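**Student:** Before I ask anything, here is the structure I am working with.
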Amino acid sequence: MTLPILLFFVFAGIAVGGALSLIFAREPIHSALALILVMVALAVLYLLMGAGFISAVQIIVYAGAIMVLFVFVIMLLNAGVENRTQHSIMARWLGIPLAVFLIGDLAYWMARGAHALPLAERSGSLAAGPVSTQDLSLHLFQSYLFPFEITSILILIAVLGAVVLARREP
Amino acid sequence: MNGIPLSYFLVLSAILFGLGVLGFIFKRNIITIFMCIELMLNAVNLAFIAFSRALGQFDGLVFVFFVIVVAAAEAAVGLAIVLLISRNRRSLNIENVDEMKS
Amino acid sequence: MEFVSHHAILVVSVVKIAVLLFIVLTALAYLTWFERKVVAHIQSRLGPVFTGPHGLLQPLADGLKFMFKEDVTPPGADRFVYVLAPLLSFSLAITALALIPFGPGTISILGQQTPLAIAHVSLGLLFLFAITSIGVYGVALAGWSSNSKYPLLGGLRSSAQMISYEVSLTLSVVGVLLMAGSFDFDSIIQSQSGRWLGFIPRWNLIPQIVGFLCYFTAALAETNRAPFDLPEAESELVAGFHTEYSSFKFAMFFMAEYANMITVSCLATVLFLGGWLSPLSSSWHWAWYLPSLLLILGGLATIVDGIWKMRGLARVILPFMGVVLIAVGLLCTRPGVIGVVQGPFWFLLKVFFLLFFYVWARGTLPRLRYDQLMDFGWKLLLPVALANLVITSLVVLLVNR
Amino acid sequence: MPVLDHIWILLLFPLAGSAITGLFGKRWSHSLVNTFTIGSVALAFLATLELTREFFSVPASYFPVVRTFLPWISAGQFRVNFSFQFDQLTLLMLLIVTGVGLLIHIYSTGYMGHDDGYYRFFSYMNLFMFFMMTLVTAGNLALLFVGWEGVGLCSYLLIGFFFTKKSAADAGKKAFIVTRIGDMGFTIGLLLVFWTFKSLDYSVIFGRAAGMPVELPGHVGVLTAIGLLLFAGAVGKSAQLPLYVWLPDAMEGPTPVSALIHAATMVTAGVYMVARMNFLYAHAPVALFTVAVIGALTAFYAATIALVQTDIKKVLAYSTISQLGYMFLGCGVGAFSAGVFHLMTHAFFKGLLFLAAGSVIHAMGGEQDMRNMGGLRKKIPWTYATMFAATLAIAGIPFFSGFFSKDTILAAAAIGPHPHRILWTLGLAGALLTSFYMFRLLFLTFHGQPRYDEQTVHVHESPSSMIGPLVILAIFSVGGGWWALPKLFGGRDYFSDFLSPVFSASQRLMAATQGAGVAEEVGTNFATDLLRVFWQPAVAAALLGLLIAWWFYIARPDTPRRLADAMRGPYKLLLHKYYVDEIYGAVIVSPLLWISRNVLWHTVDERVLDGMVNGTGSAARAAGGQLRRLQSGNARSYATWVVIGAVAVLTLFIWTMVRQ
């Protein structure tokens, strides 16, 4: 039980707990907070994996921008406690078994598939040493330049769409 | 540096994803459902990074960038739609939004 | 001792944290005093004078007052979030300071070589931004949770404002990043060492002047300071997001604001003013004695002031402080210490200047209207920062050719 | 050598002019439009002059110069660059294009003055200049093809310039489509060229062709195929039999367009192409002979039609076709330089003729029918004088430009092997007819009594902006041929000397392979032949034609009608242009229409395609009718469905993995 593994379990626990409370909280804002918690925990896990830059981006963009949007909308609409209507019979009865099943075999097969992979270290654990931001940016701006540009266009379109949708027609 | 097995991360990501799905089915509040989608995306990101670190490649990390970008765009548009919905029919309960039925 | 030697790193960190916390908290307290004084003199008033000599005990009094006021929680408030919000703001504001390097190299505590910063992170700048970007929630949640109109509006406003200005804040910094080619504070500072024409210090302030101005303006808005302090525009929404807060929770917000000021100033110092680099040529050895000189002069001044102008208790307190100052100043001349002191001295000096600018801005500039604020942020600041970024990148590209 | 090393600059001027004017010119004053468009052409012309200076500043052995500027297409083996070839032929063509182009641009300012499509017109004209110059400067067939199609496009745009007039729009379409037919052959030819030589650059092509055997009759091979296919394109572009039908209709366009595109430059592109590929044709005597035959036939055929046309521009159109025929005849019999020579002189006098005709029409207020003209000699003396000079030139009256060029061609045909002599007789007859119908035109228009209502029509001389170019062109069409003048007196033919570096290789080859001394003699220098030809029937024919015309239209003005009544059949045949349009309509167009209407439209489209589409639609609707039950409209149910799908996929996945 080295320190990293300990940390992993701590933050994995936090993440799962956050996810659970995201589901079971009835106040949307609590769900949002829970989600932020999950994201921060995930960021720490990324850090554990040595992906410092991404973990920072995760916090800045996800927790710092996207979730703020959510909180914002919740505040604007002043969304109250959700009332648990049950219109969908199917969701009611099939939901839980399905989800459990999904989790089960996803987890099983991902874990199982992990051993089949050609891993950097035979131990099946992660590559040591942090990711160098420089190499990352090289990949992003050289081999993935075109997708990168495309995403910029995507964002532009999204912005326009949001503006057009949310504008209140006089 | 750290001896955490890859499978740990994968299982965690699977669990988070499943929880996201669960929420997606069981939440009624549109905003919360959105959050569940974000949760799933995060789970996927985790898997991406874990794999890319395990394989010592960068592609996974780059994908994570794109996922985040897409998530941002999706959040912007989606929340705008949510605004519209709540403006038009004073409710955020997704089960009240079923005009699409035949 | 066994434990210490094993977990030395932890112990050292704890020690450093404790020291920093102590310094920062006192600094916060006296920053309020400083601000009140300066603003008072700008408006040709005296400011606090009664509690202690020159009102020096005012912060203490305020602190006590906050402690003992009744802690009200508005009815229908979401208690959890209501409590969470101030904690979040304050802790984040303090945490951000952990990344700032106050001096060069390392010092040895308990035989442990350790840098003059709590945490030396190679992606320091990014994580600083990460922490500050979370800070928005404190405000937003506070506004939402206190279940009242004005706070809600104030929260909405301030979070909108913070998000908007965070963009330009980050963009204005990227120029410096390009020039330094690193996120690491130390290397950023090192990249500013050296001189132009032999005497002009090679700080980013000069090539990045535009970036600096953008940064500083955005920082004012980011910390909800005048002239961008709309969220707490008394005239419109009472006190903004923390209207409903009282007693210690309010104090937390209060301190958080000032801590943010300090953080931002420290960051500006690191990025644009060459951090702990001395503006004077290292060949002038007398420059090394500047800190002690300053302290000693200050001490003398305090003694003189105490003995001649004051009466009563102050007659004792001020000279005592003067003596302490002189002692510290003399300590700083000791060969072992003098080297260590230089970095922090210059760093703090620069930070102090920036803080003074803060107060100055508050004392002079009128408050913007909300739409003006947004226009300013999006239509002026952002484009300028962008242009600066583009030009910088071009120049860097050409220079590196 | 600033320009020579950056030939692309030459192309830049008209392109820029066209782009700027076309984009922003709508609101501009005419003078501003002129500044840009004419300025650009003038710059191009000046650049060409500079080019000429540079050309003569270095020894002729320096040429051809090939300059490659940018890679254009690079697909596997297929590499094409923006490369330009510059040699004597290019220089000549450039001078013709830019010079005549400039004059016609200036002329147009007067002619189009009252049209509100002014900027559009000039933008198109500049565009045309750009493509034409691309065509002549191109260093490979692909780039040439770009210019080729580009000029076609501009021709289409300009013929249909008055697109509100249905006839004009139709004429534009006709021109475009008919030329397409030829261009298809051209395209296949290009593919064949690439397939054969693995490149489209002239230099490479000729270099590799040199290593291939000459395909004498009996051993016809790929080179002949290439020659014929490329010539098909030329037939379309240069309006030869059987694809000439578009040119007469093209007269719907404004007269300057007819002068520039359909007389001076574009229609000669085919000739230029054949001359450019001379080395290839030298390897394919069969193809070359086809060229000659088509040329001679067209020369005669078009001339016969021109005899009875009454529309002044139609006459000129058919005369153009026939003159082009002469050029092809010249190339076909191996006298490439003679063909190009005629190309040049023709550019002068035919351009002049069209411009003058335009001036007449302008003067008559839009009247084009010669039967309603006459006696204009006094009223528009300048037009008359210039047109007279041009007529003398085209008719081949001695010492006028047309005489030298056309008679060199005829001489080349005359002294060729036996089949050539038949062509020569055809050409000779054509010459007779040419001289006749040209003088007919002249007399009908300018002499005799006015046949129009002098009250309504106020004949006036055109503005100087139109007269100036006429005069300049007149000078050229008189003296443009004097390069060959010394030859009459046993001197040299400086024109063919000038061009000989381009053609000498193929001349030598033909001399070697086809025995007949023709090539060598014509191509290089023969002191005696033109003298021998001099008194020969060519001139006689010309003079004879002049006399007949004079007899018909001056001395006995009623003769033509009596003649027409006497031989009504042939007359109607000619009048209706041998009913070619009708025949094409019956044989090609209407069957195509029928097929496309009944087979493609009613059967394929309506039955098959629509059937499929509608069937799909109805099937989908039927299925949807059943599936709609699933659509509760409740998003959560949908979500559940999604999850079911995901689980299904996963289980399938697992199952397959387990199986292994």
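**Student:** Using each residue's phi in the range D:549-566, evaluate 6.51 cos²θ - 1.76 cosθ + 1.60 at θ = phi - 60° and report the 3J(HN,Hα) Karplus result to the nearest Hz, with x for Gly and Pro.
**Tutor:** 4, 4, 4, 5, 10, 10, 5, 10, x, 8, 4, x, 5, 4, 4, 4, 4, 4
**Student:** Another question, if that's okay. If you fit an axis through the alpha-carbon atoms of helix B:6-26 and take the longest principal axis of the Cα set of chain B, what angle between them do you get, 0 to 90°, nearest 10?
**Tutor:** 10
**Student:** Right, something else. Work out from phi, with θ = phi - 60° and the Karplus expression 6.51 cos²θ - 1.76 cosθ + 1.60, the ³J(HN,Hα) of each residue of the range D:17-27, listed in order in whole Hz, and give x for Gly and Pro.
**Tutor:** Result, rounded to whole Hz: x, 4, 4, 4, 5, x, 7, 10, x, 4, 8.
**Student:** Based on the Cβ-Cβ distance from residue D:561 to residue D:464, what FRET efficiency comes out when R0 is 35 Å, to the nearest 0.05?
**Tutor:** 0.35
**Student:** Mind scanning D:173/D:577; C:69/C:309; C:350/C:379; C:65/C:350; D:314/D:406; C:37/C:65 and naming the pairs with a C-alpha gap bigger than 24 Å?
**Tutor:** C:69/C:309; C:350/C:379; C:65/C:350, as the Cα separations exceed 24 Å there.
**Student:** Taking a virtual spin label 7 Å from the Cα of residue A:21 along the C-beta vector, which residues in the range C:126-170 bring their backbone nitrogen under 19 Å of it?
**Tutor:** Backbone N within reach: C:134-146.
**Student:** Additional query: Which value in nm describes the separation of the simple spin-label points at residue A:153 and residue A:81, placed 7 Å from the Cα toward the beta carbon?
**Tutor:** Distance between label points: 4.9 nm.
**Student:** What is the Cα coordinate range of the protein assembly as shown on the first, second and third principal axes, sorted by size from largest, in whole angstrom?
**Tutor:** Reported extents, whole Å, longest axis first: 141, 84, 71.
**Student:** Same structure again: Quick one: what does P(r) look like for the range B:28-96 with 5 Å bins over all Cα pairs, in whole %?
**Tutor:** 4, 17, 20, 17, 13, 10, 8, 6, 3, 1, 0
**Student:** Work out, step by step, the length gained on full extension between residue C:360 and residue C:45: first 0.36 nm times the residue separation, then minus their alpha carbon distance; give nm to one decimal.
**Tutor:** Length difference between fully extended and current span is 111.9 nm.
**Student:** Here is a follow-up. State the Cα centre-to-centre distance between the range D:394-440 and the range D:320-362 in whole Å.
**Tutor:** 12
**Student:** So, one more: Starting from the Cα of residue D:475, step 7 Å toward the Cβ, then list every residue of the range D:85-122 with an amide N under 18 Å from that point.
**Tutor:** Counting only backbone N, you get D:95-107.
**Student:** Which whole-Hz ³J(HN,Hα) couplings does the range D:105-111 yield from phi under the Karplus relation 6.51 cos²θ - 1.76 cosθ + 1.60, θ = phi - 60°, glycine and proline marked x?
**Tutor:** In residue order, the calculated couplings are 4, 4, 4, 4, 4, x, 6 Hz.
**Student:** In deg cm²/dmol and to the nearest 500, what is the mean residue ellipticity at 222 nm of chain C if only DSSP H runs of at least 4 residues count, each as -39500 (n - 2.57), divided by the residue total?
**Tutor:** My calculation for chain C gives -22500 deg cm²/dmol from helical runs alone.
**Student:** Something else: Could you pull out which residues in the range C:88-122 have an amide N less than 13 Å from a spot 7 Å beyond the Cα of residue C:18, following the Cα-Cβ vector?
**Tutor:** Within reach of a label on residue C:18: C:110.
**Student:** Ignoring everything except DSSP H segments at least 4 long, calculate the 222 nm mean residue ellipticity for chain D; use -39,500 (n - 2.57) per segment, divide by total residues, nearest 500.
**Tutor:** Mean residue ellipticity, 222 nm, calculated: -23000 deg cm²/dmol.
**Student:** Would you mind checking the tilt of helix D:381-395 against the longest principal axis of the Cα atoms of chain D, expressed as 0 to 90 degrees and rounded to 10?
**Tutor:** Helix D:381-395 sits roughly 90 degrees off the main axis of chain D.
**Student:** While we're here: Can you give the FRET efficiency for residue D:582 and residue D:310, using 1/(1 + (r/R0)^6), R0 = 22 Å, r = Cβ-Cβ distance, to the nearest 0.05?
**Tutor:** My answer for the efficiency is 0.70.
**Student:** What is the mean projected area of the alpha carbon convex hull for chain D, to one decimal in square nanometres?
**Tutor:** Approximately 41.7 nm², given one-decimal rounding.
**Student:** May I pose another question? Starting from the 7 Å offset along Cα-to-Cβ, what nm value, one decimal, do you get for the label separation of residue D:513 and residue D:32?
**Tutor:** Using points 7 Å along Cα→Cβ, the separation is 5.8 nm.
**Student:** Quick one: P(r) of the range C:146-216 from all Cα-Cα pairs, 10 Å bins, percents rounded to integers, in order of increasing distance.
**Tutor:** With a bin width of 10 Å, the distribution comes to 18, 34, 22, 14, 10, 2, 0.
**Student:** Starting from the amide H of residue D:238, placed 1.01 Å from N in the peptide plane, find each other amide H under 5 Å away whose residue is 5 or more places distant or on another chain.
**Tutor:** Answer set, sorted by chain and number: D:270.
**Student:** Also, quick follow-up: Once you put a point 7 Å from the Cα of residue C:400 and another 7 Å from the Cα of residue C:79, both along the Cβ direction, what distance in nm separates them?
**Tutor:** It works out to 5.6 nm between the two label points.
**Student:** Among the complete DSSP H segments of chain C, which ones combine at least 24 Å of alpha-carbon extent along their axis with a mean Kyte-Doolittle hydropathy of 0.0 or more?
**Tutor:** Span-like helices, by this rule, are C:8-42, C:79-96, C:124-145, C:149-180, C:247-272, C:290-309, C:313-331, C:335-364, C:382-400.
**Student:** Further, regarding this structure: Find, among the trypsin sites (Lys or Arg not before Pro) in the range D:124-203, those assigned to loop by DSSP (not H, G, I, E, B) with at most 14 other beta-carbon atoms within 10 angstrom.
**Tutor:** D:165, D:198
**Student:** Next question, about the same structure. Mean-square fluctuation check for chain B, GNM, Cα pairs under 10 Å: which of B:29, B:45, B:88 is largest?
**Tutor:** It is B:88.
**Student:** Starting from the amide H of residue D:84, placed 1.01 Å from N in the peptide plane, find each other amide H under 5 Å away whose residue is 5 or more places distant or on another chain.
**Tutor:** Correct list: D:67, D:68, D:69, D:139.
**Student:** Could you give the distance between the Cα centres of the range A:151-165 and the range C:120-188, to the whole Å?
**Tutor:** Value for the Cα centre distance between the two parts: 23 Å.
**Student:** While we're here: For chain B, find the longest principal axis of its Cα atoms and tell me its angle to the long axis of helix B:30-55, 0 to 90°, nearest 10.
**Tutor:** The angle comes out at about 10 degrees.
**Student:** Let me ask something else about it. To the nearest 0.05, how large is the calculated FRET efficiency for residue D:642 and residue C:70 if R₀ is 56 Å and r is the Cβ-Cβ distance?
**Tutor:** Efficiency, from the Cβ-Cβ distance: 0.60.
All of the numbers you see were taken from the coordinates with simple rules; none came from a lab. These numbers come from a predicted model, not from an experiment. Every residue, glycine among them, receives a Cβ derived from its backbone with ideal geometry; neighbour counts consider all protein chains shown.
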